[in-house]
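Throughout, read-outs are computed from the coordinates displayed, never taken from laboratory work. Because the structure is predicted, anything quoted here is derived from the model rather than measured. We place every Cβ from the backbone using ideal geometry, glycine too, and count neighbours over all the protein chains shown.
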Amino acid sequence: MKKLLCLITLIIGLGTFSTVQAKKVTWVKAQGEASFPILMYHSIDNVPGNGLCVPKEQLEEEMAWLHKNDYYTLTPKQAIRVLTKNEVPKDKKIVWITFDDGYANNYTVALPILKKYKLKATVNMITSSINTNGMLTTDQIKKMQKTKLISFESHTVRHVDLRTLTPEQQDNEAVDSKRTLQKDFGINSRSYCYPAGRYNDYSKVSAKNAGYKVALTTQPGWAKASDGLYDLKRVRIPAQMTLDSFIESVAYK
Ligand SMILES: [Zn+2]
């Protein structure tokens, strides 16, 4: 029995060691311009006919694939480092996983899957939706923060078409959402996500003035600095996407 216990302890010990080792990354200058996929998810739910709601089983399959293929998931801070300094984690296939809007199922459904595969992700929050029906609560956000896997960034206050707003109103969306994340959760939001990908030239100025380092759109493609730090492309993951097309959209060639 004692021997068995020792063996178990050893195995657990080795497991912890390898996990810690795996986390260590060395940052190096990228060869050429760094470019990587920013995945865009929304609600994780089974709603037939709604292309934005990805079923749990699909998310699980995609996250398992990223894990199995040794992808390195970026925090917003790390993604910004890649984009602003052209530095990358050495020998890693990098990906930034994002969830827009802040659905409660990001906590109930997505979080257990992300935990299972130890993948980091970012939720882009509509700050006026916090604690409203079907959306994340203050308590859930705090619990997600504690996992160290999930980051939160701004997706404006009200999720309205920024193009229809005056410059002052656009500034309020950028500034007030940032302020709420700071005040209620101690988050320094550095990344801004335009509602439904709708924005104009002033939205970029407004994001920059508010202190965001980058902004995310819904234009399809991999992110790279030369597209503009406030015009970053993302890879939309629609419901019923096949695993083959998922692989195709995130594969490093
Ligand atoms: Zn949205």
(message) Projecting each Cα onto the charge dipole of the chain (Lys/Arg +1, Asp/Glu -1 at the beta carbon, about the Cα centre), which of 67, 235, 97 comes out farthest on the positive side?
(response) 67
(request) Express as a percent, rounded to the nearest 5, the fraction of DSSP beta bridges in the chain (both residues included) that run antiparallel. (result) 15
(request) Give a residue-ordered list of calculated ³J(HN,Hα) values for the stretch 134-148 (Karplus: 6.51 cos²θ - 1.76 cosθ + 1.60, θ = phi - 60°; whole Hz; x for Gly, Pro). (result) x, 10, 4, 9, 4, 4, 5, 4, 5, 5, 5, 4, 5, 5, 6
(request) Would you calculate, for the chain, the mean residue ellipticity at 222 nm contributed by helices, counting each DSSP H stretch of 4 or more residues as -39,500 (n - 2.57) and dividing by all residues, to the nearest 500? (result) -12000 deg cm²/dmol
(message) Once R0 is set to 35 Å, what does the formula 1/(1 + (r/R0)^6) return for the Cβ-Cβ distance between residue 31 and residue 201, expressed as a FRET efficiency to the nearest 0.05?
(response) 0.60
(request) Give the angle, between 0 and 90 degrees and rounded to the nearest 10, that separates the Cα long axis of helix 2-23 from the longest principal axis of the Cα atoms of the chain. (result) 30
(request) Please get the size of the charge dipole for the chain, origin at its Cα centre, with Cβ charges of +1 on Lys and Arg and -1 on Asp and Glu, quoted in debye to the nearest 20. (result) 1280
(request) Work out the charge dipole of the stretch 106-183 with +1 on the Cβ of Lys and Arg and -1 on the Cβ of Asp and Glu about the Cα centre, then indicate which of 109, 125, 156 is farthest towards its positive end. (result) 109
(message) Just to be sure I follow the rule: in the stretch 118-252, considering lysines 8 or more places apart or on different chains, how many pairs have Cα atoms under 16 Å apart?
(response) 16
(request) Take the Cα coordinates of the chain, assign each an equal point scatterer, and use the Debye formula without solvent to give log10 I(q)/I(0) at q = 0.07, 0.13, 0.14 Å⁻¹. (result) -0.25, -0.82, -0.95
(message) With angles folded into 0 to 90 degrees, how steeply does helix 167-185 sit against the dominant principal axis of the chain? Use alpha carbons for both and round to 10.
(response) 30
